[in-house]
Amino acid sequence: MSENGTALTLRGYRDAIRGGAMSSEDAVRGCLAAIERLDGTLNAFTQVFGDHAIEDARAVDARIRSEGAERVGSLAGVPVAVKDNICLSWGRTTCCSRILEEYESPFTATAAQRLLDAGAVIVGKTNLDEFAMGSSTEHSCFGPSRNPWDPERAPGGSSGGSAAAVAAGMVPMALGSDTGGSIRQPAALCGIVGVKPTYGRVSRWGLVAFASSLDQIGPMTRTVEDAALTLGVICGEDALDSTSARVEVPDFTARLEEPIGGLRIGVPAQARHDENHPDVTRVFAETVERLRSMGAEIVDVDLPHMGAGIAAYYIVAPAEASSNLARYDGIRYGRRAKIGRDEDLETLYSRSRSEGFGGEVRRRIMLGTYALSSGYYDAYYNTALKARRLIKGDFDAVFSGAAGAPGVHAVLLPSTPTPAFRIGEKIDDPLALYLEDIFTVTANLAGIPGVSVPAGFAGVDGKRLPVGVQLLCPAFGEVNLLRIAAQLTASMPLETLAPVG
Ligand code: GLN
């Protein structure tokens, strides 16, 4: 028997609460009940803040009664969740790692604080691959999350808990983080919308660092409008993150209904990848035709260095990770191993780290340390940086146009080469998992925004599995990005609430 969570979208909750049809407490209780019903199967949550969330909801309800919902904030009373690598000043911030299993953050991340300031209620924290390193959530110390469309399969990763929670209707929106695809890939595999904002759009303060030059927080929702509403809340400069951009936060919902006739959409030759699943190829081709029928001009483009994306990413990201993760020394944060009287500090460090880090994180630390070590730095790290610059140059050329030809407004790519794979299927083959990221890592390397939207279904072993497509725009082009995404999804209404089971 299949079961659903709650069908309301973020906008639906907001309007119901604003209009007085529902209290925040009712909304939060509804989500808690859905979590209670479904999370035994899906393992999307690492913590659920039952009483804490109900208290928060009551406080918001009291403010709504006295001040009116609009004064309270644009998300007054709405239940949401955040990925468990985003710090909150209550509960634990575990990153799904043994090393931080008991860690309690003394502060709340800016993005989460902005949700709270807008009146949202955080009902829990979601599962991820340890320190956000992975594409399936199988690297979580709390065990994998499961895909609501087929619980035998992975929801993708690393924000797989957020994706499963939203797709199953446990919450209407969950924050994820995207370093190389961790919002867009699980969104695609779970049939929802996931936005990786432009690097610098959203403050990284309080997001536990994986690869600081690539990490961005973003929304995972069932509609493009819900993503736009969330971005309106979480974006903006933050004095606590020196890489946050000093740019105006536009109204991301302003142009969602504007038709896209006349826009030029680039389809790279590289979208037709040998390893693509036939249903991914079909859905992608259908999307191209749909965009054409909506009046967009489809332009063949070339991203000649896209093939170097995985190699460059899997040098740059581990290099930065090896440096960021040096802080977990068993003394300042998290788990401290036991040492004997006659053992030294070195033993404390190495034992705490060996006990605390899982296999994939250790692999990344070793890869990164190697790439940064003297003698190899030029061969690996510097070469990867050069490839990164060429990849960014490809996008610049395509967006700005070359040799007299006009540039494109957006680039269309598949989100992932295949629909959801089985849990366990790729776990012994790290390279196979890394290759999942072929279409997503380049946006992070170039710093540009990307969105994955549901575009169709694949039929695999008698199951209907979602397939996504990805749109990319120039830096700070989110308004147009969301407009195209909204028009595309409006032209092909698909089921986004997964029938769990
Ligand atoms: N799957 C990629 C990795 O394993 C991306 C992770 C992410 O975006 N956090 O590194």
Shape call, the chain: gyration tensor on alpha carbons, a/c limit 1.5 = rounded
Based on the mean of other Cβ atoms within 10 Å per residue, sort peptides 419-429, 224-234 so the most packed one is first.
-> 224-234, 419-429
In the calculated pair distance distribution of segment 79-119, what percentage of Cα-Cα distances lie above 11 Å?
-> 63
Non-local amide H neighbours of ASP238 (under 5 Å, H modeled in plane, Pro and chain starts lacking H): which ones?
-> SER244
Of HIS273, HIS409, how do they rank once you tally other Cβ atoms within 10 Å and put the fewest first?
-> HIS273, HIS409
Kindly state, to the nearest 0.05, the FRET efficiency for GLU297 paired with LEU494, given R0 = 35 Å and r defined as their beta-carbon distance.
-> 0.90
Find the Rg to Rh ratio for segment 285-348, where Rh is the Kirkwood radius over alpha-carbon pairs and Rg uses the same atoms.
-> 1.45
Cα pair distances exceeding 23 angstrom across segment 1-126, given as percent | 32
Measure of size requested: the Rg and Dmax of segment 395-501, with Cα atoms as the atom set and Å as the unit; please supply both.
-> 16.3, 54
For the ALA33, GLU55 Cβ pair and Förster radius 22 Å, calculated FRET efficiency rounded to 0.05 is 0.80
Scattering profile of segment 1-70 at q = 0.20, 0.25, 0.26, 0.27 Å⁻¹ [log10 I(q)/I(0), Debye over alpha-carbon scatterers] | -0.87, -1.15, -1.20, -1.24
With 25 Å as the limit, write out which pairs from LYS125/LYS463; LYS196/LYS386; LYS125/LYS392; LYS196/LYS392; LYS83/LYS196 have Cα-Cα distances beyond it, or answer none.
-> LYS125/LYS463; LYS125/LYS392
With eigenvalues of the C-alpha gyration tensor scaled by 5 and rooted, segment 297-422, Å = 43, 17, 11
Work out the length of the dipole vector of segment 295-340 about its Cα centre, built from +1 on the beta-carbon of each Lys and Arg and -1 on the beta-carbon of each Asp and Glu, and round it to the nearest 20 debye.
-> 880
Say R0 is 51 Å: what FRET efficiency, to the nearest 0.05, do ILE331 and ARG272 get from their beta-carbon distance?
-> 0.50
If all Cα-Cα distances of segment 90-196 are sorted into 5 Å bins from 0 onward, what percent lands in each bin, rounded to whole numbers?
-> 2, 15, 22, 24, 21, 12, 3, 0
If Lys and Arg each add +1 and Asp and Glu each add -1, what is the summed charge of the other residues whose beta carbon sits under 15 Å from the beta carbon of ASP396?
-> +1
Label THR383 and ARG246 with points 7 Å out from Cα along Cα→Cβ: what is the distance between them in nm?
-> 3.9
Evaluate 2.2 N^0.38 Å with N set to the residue count of segment 176-274, then give the Cα radius of gyration divided by it.
-> 1.19
Taking the chain and dividing mean pair separation by its residue count, relative contact order in percent (alpha carbons under 8 Å, at least six apart) | 19
Distance from a point 7 Å along Cα→Cβ of TRP90 to each backbone N in segment 58-81: keep the residues under 18 Å and list them by number.
-> 58-64, 76-81
Enumerate the residues in segment 74-98 having an amide nitrogen under 18 Å from the point lying 7 Å beyond the Cα of SER354 toward its Cβ.
-> 98
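Values quoted throughout were computed directly from the atomic coordinates according to the rules given, and no laboratory measurement underlies them. Just so you know, these numbers come straight off a predicted model, no measurement behind them. Note that each Cβ is placed from the backbone with ideal geometry, even for glycine, and that neighbours are counted across all protein chains shown.
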